[in-house]
Amino acid sequence: MAQNKLRIKKGDHVIVVAGKDKGKTGDVVKVLREENRVIVSGINIVKKHEKPSMASAGGIVQKEASLHVSNVALVDPKTSKPTRVGYKILDNGEKVRIAKRSGEVIG
């Protein structure tokens with residue numbers, strides 16, 4: 001099965017646009033391409049029951065659950081508002097991501 005092209009990458013600063021954490025911002029920790037989902041730091045915290053193991057004591061652990069990629073939007077570096085992602089080819093032939101809202105290059 002072909003991998004899906006996602007415009008959001010690990011390390012991007014995103015804002016949640018739908019769901020219980022709507023309006024909160026965070027950085028993308030992991031991208032799950034096969035499921036079209038992302039894990040964002042500090043967002044969508046769930047309680048998970050874990051069995052004790054050699055590495056951990058077990059018990060109830062809080063961790064971030066994944067969000068569907070359609071429920072997050074990239075934060076515009078200029079205006080700090082949600083934006084869509086576009087692509088542009090620079091004069092030197094390099095392809096970069098740009099914010100549709102302001103036209104700024106996304107780092």
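I'd like the trypsin sites (Lys or Arg not before Pro) in the chain restricted to DSSP loop residues with at most 10 other Cβ atoms within 10 Å, sorted by number.
The qualifying sites are 5, 20, 22.
Between residue 17 and residue 51, take the C-beta separation as r, use R0 = 30 Å, and let me know the FRET efficiency to the nearest 0.05.
The computed FRET efficiency comes out at 0.25.
Where the convex hull is taken over the Cα atoms of the range 1-75, what is its projected area averaged over directions, in nm²?
Over all viewing directions, the range 1-75 projects a mean Cα-hull area of 6.2 nm².
Counting only GluC sites (Glu not before Pro) that are in a DSSP loop and have at most 11 other C-beta atoms within 10 Å, tell me the longest site-free stretch of the chain.
In short, 36-93.
Enumerate the amide H contacts of residue 24 below 5 Å, restricted to partners 5 or more residues apart or on another chain; note that Pro and chain-start residues carry no placed amide H.
16
Could you work out the relative contact order of the range 1-75, using alpha carbon pairs under 8 angstrom and six or more residues apart, expressed as a whole percent?
31
How much length is gained if the chain between residue 29 and residue 61 is pulled fully straight, taking 0.36 nm per residue apart and subtracting their Cα-Cα distance, in nm to one decimal?
Result: 9.7 nm gained on full extension.
Quick note: the coordinates plus some simple rules give every number you see, no bench work behind them. Since we're looking at a predicted model, the values are computed, not measured. Counting neighbours? That spans all protein chains shown, and the Cβs are built from the backbone with ideal geometry, glycine included.
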